[in-house]
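*Asks:* Supplied in structure tokens, the structure appears directly below.
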Amino acid sequence: MTALQDFQLARPRDVEAAVAACRAHEGSRFLAGGTDLIVNMRRGLGVTTLLIDLSGIEELTGISISTSGVRIGAGVTIAALADERCLQRYRALVEAARAVAAPGHRAMGTLGGNLCLDTRCIYYNQSEWWRHANGFCLKYGGEVCHVAPQGARCHAAFSGDLAPTLMVLGAHVEIAGPVGRRHIPLEKLYVEDGRAHLALAPGELIVAAHLPSPAPPSAYEKVRVRGAIDTLRVALTGTNSRPFLLEGTHAFAGQPIGDAALARLDKLVQKQVQSMRTTSTSAHYRRLAGAALAQRLAARLFAEQEIAS
């Protein structure tokens, strides 16, 4: 990834001011949690000279309950959705929120941002130099979809977790824009075109999602290629003159425990173990055994967490 290009940051205090700022600055982008947009910008995608930060708009935050259902502000974090007690009857939504990425993403990402996630493709979500070397695609800078070269549209896929659950729950979204506000069924927000998959007019943003009452029975399942572990703490004994907690394991939080992570864990253990020839086993053996056991346990815990989720 490359460094971000220079841009200005606007911080409107209400929805109308945000819409006005977007309308006054061609090519500006709305910024919520930034977990998708900022990553893309660092890849040279969706570059803009003005980001409109929505985090200070009170109307976009909060969850309210009425006899007709539940209103969820677009700025409510995914972590809040995963833990909010009043949403337990909307089981699929809570389960989907808990399945989103890693803890850090859930803490920053928002409902509105997740609903407006960019579509993804192995030819699009790459660095600038990779895309330049392999030929730009129809979604950005090119004239052909590398997935289906004979076709006329982009096939990049949408992979947000919250949209399908809200659809089956009968959600409507409230949208604000230059010509006022409107409500549409959530399924009407999307178009079968990876290049322009959102049915939002220029300057429009999602204000809230409205869920009807009563809530129907629902559930959510997700097939993961990779997941993440919340926290990892490792303590060792039988190697040093004291039992000790391994330092540096905080770096594994929110990361998938795969071969690369296990290799880093191996190095951490071997670097911090200070075993000497004080027992019947050699110092080298205990160092290697400690590293192997730490890797085995981390992999097992990660696998169990994946099954449980």
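The values are calculated or read from the model by the stated rules, or taken from the named source; none is laboratory data. Keep in mind that what you see is a predicted model, and the values were worked out from it rather than measured. Cβ sites come from the backbone with ideal geometry, for glycine too, and all protein chains shown count toward neighbours. SASA here: full protein model, heavy atoms, side chains in, ligands and nucleic acids out. Shrake-Rupley method; radii C 1.70, N 1.55, O 1.52, S 1.80 Å.
*Asks:* Under a 5 Å amide H to amide H cut-off, with H placed in plane at 1.01 Å, what residues pair with Ala208 once short-range neighbours are removed?
*Replies:* Here Ala74, Glu174 satisfy the definition.
*Asks:* Here's something else I'd like to know. At a 1.4 Å probe radius, carbon and sulfur cover how many percent of the accessible area of the chain?
*Replies:* Ligands and nucleic acids excluded, carbon and sulfur give 55 percent.
*Asks:* Something else: Per residue, how much accessible area does the chain have with a 1.4 Å probe, in Å²?
*Replies:* On a per-residue basis, 55 Å².
*Asks:* Under 14 Å from a point placed 7 Å out from the Cα of Arg195 along the Cα-to-Cβ direction: which residues of the range 145-162 have their backbone N that close?
*Replies:* Only 145-156 pass the distance filter.
*Asks:* Using the Cα gyration tensor of the range 101-232, with a ≥ b ≥ c the square roots of its eigenvalues, what is the shape: rounded (a/c below 1.5), prolate (a/b larger than b/c) or oblate (neither)?
*Replies:* Since a/c reaches 1.5 but b/c is at least a/b, the shape of the range 101-232 is classed as oblate.
*Asks:* Per-residue HN-Hα couplings for the range 290-298, Karplus 6.51 cos²θ - 1.76 cosθ + 1.60 at θ = phi - 60°, whole Hz, x for Gly and Pro?
*Replies:* x, 5, 5, 5, 4, 5, 4, 5, 4
*Asks:* Between Ala289 and Asp230, how high is the FRET efficiency from 1/(1 + (r/R0)^6) when r is the Cβ-Cβ distance and R₀ = 25 Å? Nearest 0.05.
*Replies:* E(calc), rounded to 0.05, equals 0.40.
*Asks:* Counting only residues 5 or more places away or on other chains, whose amide H sits under 5 Å from the amide H of Phe244 once H atoms are built in the peptide plane?
*Replies:* Long-range HN contacts for Phe244: Leu236.
*Asks:* How big is the range 165-287 by the Kirkwood estimate over distinct Cα pairs, in Å?
*Replies:* 19.9
*Asks:* Could I ask something else about it? Does the range 36-156 come out rounded, prolate or oblate, given a ≥ b ≥ c as the square roots of the eigenvalues of its C-alpha gyration tensor, rounded meaning a/c under 1.5 and, failing that, prolate meaning a/b above b/c?
*Replies:* Note, shape of the range 36-156 comes out prolate.
*Asks:* In nm, to one decimal, how far is the modelled label at Ala107 from the one at Ile184, with both set 7 Å along Cα→Cβ?
*Replies:* 3.5
*Asks:* Sticking with this structure for a sec: Step through the residues of the range 31-44 one at a time and calculate ³J(HN,Hα) from phi using the Karplus curve (6.51 cos²θ - 1.76 cosθ + 1.60, θ = phi - 60°), rounding each to whole Hz and writing x for Gly and Pro.
*Replies:* Result, ordered by residue: 10, 10, x, x, 5, 9, 4, 5, 4, 5, 4, 6, 8, x Hz.
*Asks:* Right, something else. What distance in nm separates the simple spin-label points at Asp14 and Ala299, each placed 7 Å from Cα in the Cβ direction?
*Replies:* So the two model labels end up 5.8 nm from each other.
*Asks:* Next question. If you take the square roots of the eigenvalues of the alpha-carbon gyration tensor of the chain and sort them as a ≥ b ≥ c, do you get rounded (a/c under 1.5), prolate (a/b over b/c) or oblate?
*Replies:* prolate
*Asks:* Could you derive backbone 3J(HN,Hα) for the range 107-118 from the dihedral phi with the Karplus parameters 6.51, -1.76 and 1.60 (θ = phi - 60°), listing whole Hz in sequence and x where the residue is Gly or Pro?
*Replies:* Per-residue couplings from phi come out as 5, 9, x, 10, 4, x, x, 5, 5, 9, 3, 5 Hz.
*Asks:* How many percent of DSSP beta bridges within the chain run antiparallel, rounded to 5?
*Replies:* 80
*Asks:* Return, ordered by residue number, the residues of the range 23-46 whose backbone nitrogen is under 20 Å from a label point located 7 Å along Cα→Cβ of His132.
*Replies:* 39-46
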